[in-house]
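Quick notes on the structure that follows.
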Amino acid sequence: MHRSYISRLLARVSIALSIGLLLTGSVSAMAQDTAKDTAKDTAKNLGQTESSYDPIFKAMRDELARSMKDLKTPDYPPPYFIAYTIKQKERFNVSASMGAICSKDRNFDRTLKVELREGDYKLDSANATGYGALGGLLRGLESGGTSQAITADDDYDAIRHEIWLKTDKAYKRAIESLANKKAYLKNNPVKDMPDSFSKESPTRLIKAPAKLDVDQTEASEIIRKLSATFKKYPDVIKSVVSFNAQADTRWFINSEGTQNLIPNVSCRISIIGAVLDKDGNTIADSETIFAESQKDLPPYAELEKKAEALASRLMALSKAPEADQYRGPVLFEGEAAAGFISGVLQGNLGHSAESLSKSGLNLGSFGKNPFTDKLETRILPKFISIIDDPLTDSFKGKKILTAYKVDEEGVEAQKITLVDKGFLKTFAMNRTPTKEIKNSNGHARGSAGVSSNLYLISEQSISKDNLKSKLIEMGREDGLKEVYIIRRLAGVGSSMFELKSMMSTVMSMFASGGEISLASPVIVYKVSCEDGSETLVRQAQFGKVNLRVLRDIEVTGDDTTAYQSDGLNMSLGEGSTVVTPSLLVREVEFLKPSDQSALPFILPNPLIDSK
């Protein structure tokens, strides 16, 4: 997987480990006039709200103007580009298990990221580690290239002091990086090398900072009460219910005239449980409910039904027979289809530049996007197109919480067709050009272009009943007695209770040669090809999955629905939404379940004894 997907997966692991514990002004007088003229039309499209005095923006603007004018040495020119990002995050988290609060905290922090480029748009200091992929990551952390904590106070002097320190360090690192890059290219010329950075129109979108509006007492009582649901199910050995509310604000300014203040508020409730099957293996599943704010969450009765349904599913799974070793057609139904698209496709539709390196570890295909050289080639059936649309904020009455207007580099977001009738047309781009794609399309996240709001459009869809009939028909053609329907893949939350799911997530970071490590299937039914009856099975495990599986999609359902992922950092709309119908795939492999079993509990659950 390439680096944008790796960062997504690292975010998934981080959330899984923590979920249960839980203005106006100018760069310079000249830059101000230029920015106003250039951004006028863009501002009309985006809309803006003037803010009162903002010490954060003032500190950023003042230090940016000084650095662009005076940051230079006798031997080196000043930087040609600087961008400052300050992110403010306010959180309230509470988790409970078995009717008792486990943890509760409210926190507030700010971070600063400095992006400074030496050289020019054609050739600059970016992506020139000289230390290999891993070495470059470590050097980036050392030099302050990533976000670092700064004061949480609205203190102009303190904020500007932090910006000055980190700008100085970034400038020295940029000088060294550009020298490394030029030395590398002198000895290793790159044919038709694209420019280092694209020129984009400035944007101006200024809103009021986000504020965390949460009733902590009410939220804590809901979570405590909801967690007590599992007391009725003593065979559920582990369970946790958590509430997470957040209010995030991003201040962004660059030397081209862009100024953005973007707020985002969101909350979610996660319900996670685990049981043991008769062989002592852990089976975990989860429910995640997303909302924009606490008041937008479903009523308690609906939340309780979800907890009850989760517990019932787990009890049924613990008693279900094992899945068989299998190779044949599989129907990814509903939510499982979104997990399939996210796992197999989504991470490869973004772009990140590969670092030029003259030394360091040989990591093979680690970090390389397998679609890099596949533009204008077919990667999906001709009846499927894929659109990334960050601008649409609802689908069939459901709010899309991951929509955004301006990306993390201050570029106006665009709706783009990534795949047209099966053919790969472009990537979700940041401002790092490729040989074929010269400009950003407003999909920057971190240091990469990321596809985060995918819409699968199918010209060959059939009803749910016909999908199942088609599945059985394909099984009969292959001489199979049973076929399979998957209705849920493991979520990030449930993987904290199940080592196999967690390892699947981690190992997917090291997949190579187009191989994919999908999240483990959780809700799986074996379907009789004789009478269509369904039998719930447990311990299904995917075999090797590679990108060829995308072309094996035979037909889709007519049940297109929006699914939000619980696998990404939700700050500033950085989650992921997949809008997709069910998918019938011609061939998927299940491995034979492991013969290993875990040691049973020595004593039974005390809740059973007490009854």
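The values are calculated or read from the model by the stated rules, or taken from the named source; none is laboratory data. Being a predicted model, the structure only gives us computed values, none of them experimental. Note that each Cβ is placed from the backbone with ideal geometry, even for glycine, and that neighbours are counted across all protein chains shown.
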Conditions (1) more than 20 Å from ARG313 (Cα to Cα); (2) touching a Phe, Trp or Tyr at 6+ places or on another chain (Cβ under 8 Å); (3) in a helix (DSSP H, G or I) -> TRP251 fails only (3)
Going through the range 191-225 in order, the residues found to be over 30 Å from TYR53 (Cα atoms), surrounded by fewer than 21 Cβ atoms within 10 Å (Cβ to Cβ) and in contact with a helix residue (DSSP H, G or I) (Cβ under 9 Å, 6 or more places away or on another chain) are MET193, GLU218, LYS225
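Of these, GLU498, GLU589, GLU534, which one is of a type outside the set (A, V, I, L, M), more than 27 Å from GLN460 (Cβ to Cβ) and either at pLDDT below 95 or over 24 Å from the mean Cα position of the chain (by Cα) (or both)?
On the way: GLU589 fails: more than 27 Å from GLN460 (Cβ to Cβ); GLU534 fails: more than 27 Å from GLN460 (Cβ to Cβ).
Of GLU498, GLU589, GLU534, the one residue that is of a type outside the set (A, V, I, L, M), more than 27 Å from GLN460 (Cβ to Cβ) and either at pLDDT below 95 or over 24 Å from the mean Cα position of the chain (by Cα) (or both) is GLU498.
Tell me which residues, restricted to the range 266-311, are of a type in the set (A, V, I, L, M, F, W, C) and under 24 Å from LYS89 (Cα atoms). Spell out how you get there, then give the answer.
Here is the first cut: in the range 266-311, the ones of a type in the set (A, V, I, L, M, F, W, C) are 267, 269, 271-272, 274-276, 283-284, 289-291, 297, 301, 303, 307, 309-311.
Answer for the range 266-311, where residues must be of a type in the set (A, V, I, L, M, F, W, C) and under 24 Å from LYS89 (Cα atoms): CYS267, ILE269, ILE271, ILE289, PHE290, ALA291, LEU297.
Identify all residues within the range 543-564 that are outside any strand (DSSP E or B) and either surrounded by 15 or more Cβ atoms within 10 Å (Cβ to Cβ) or hydrophobic (A, V, I, L, M, F, W, C) (or both); write none if there are none.
LEU547, VAL549, LEU550, ARG551, ASP552, ASP559, THR560 - these are the residues of the range 543-564 that are outside any strand (DSSP E or B) and either surrounded by 15 or more Cβ atoms within 10 Å (Cβ to Cβ) or hydrophobic (A, V, I, L, M, F, W, C) (or both).
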In the range 246-279, the residues that are closer than 24 Å to SER293 by Cβ, crowded, with 23+ Cβ neighbours inside 10 Å and among the aliphatic types (A, V, I, L, M): ALA247, LEU261, ILE262, ILE269, ILE271, ILE272
Return only the number of the condition from (1) among the polar types (S, T, N, Q); (2) in a strand (DSSP E or B); (3) modelled with pLDDT under 95 that ASN569 does not satisfy. (2)
Looking at (1) crowded, with 20+ Cβ neighbours inside 10 Å; (2) at pLDDT 95 or above; (3) under 26 Å from the mean Cα position of the chain (by Cα), which is the one condition that is false for ALA448? (2)
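Mind checking whether some residue in the range 232-239 is in a helix (DSSP H, G or I) and surrounded by fewer than 18 Cβ atoms within 10 Å (Cβ to Cβ)?
From the range 232-239, those in a helix (DSSP H, G or I) are 232; that's our starting set.
Still in the list and also surrounded by fewer than 18 Cβ atoms within 10 Å (Cβ to Cβ): 232.
Scanning the range 232-239 turns up at least one residue that is in a helix (DSSP H, G or I) and surrounded by fewer than 18 Cβ atoms within 10 Å (Cβ to Cβ).
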Checked pairs for the range 279-290, first at positive phi and assigned to a loop (DSSP other than H, G, I, E, B), second among the basic types (Lys, Arg) and buried (at least 17 other Cβ atoms within 10 Å of the Cβ), C-beta under 6 Å and 6 or more apart or across chains, list as none
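Tell me, which residue of the range 310-349 that is aliphatic (A, V, I, L, M) and in contact with a helix residue (DSSP H, G or I) (Cβ under 7 Å, 6 or more places away or on another chain) is nearest to LYS278 (Cα to Cα)?
If we take residues in the range 310-349 being aliphatic (A, V, I, L, M) and in contact with a helix residue (DSSP H, G or I) (Cβ under 7 Å, 6 or more places away or on another chain), then ALA311 is nearest to LYS278 (Cα to Cα).
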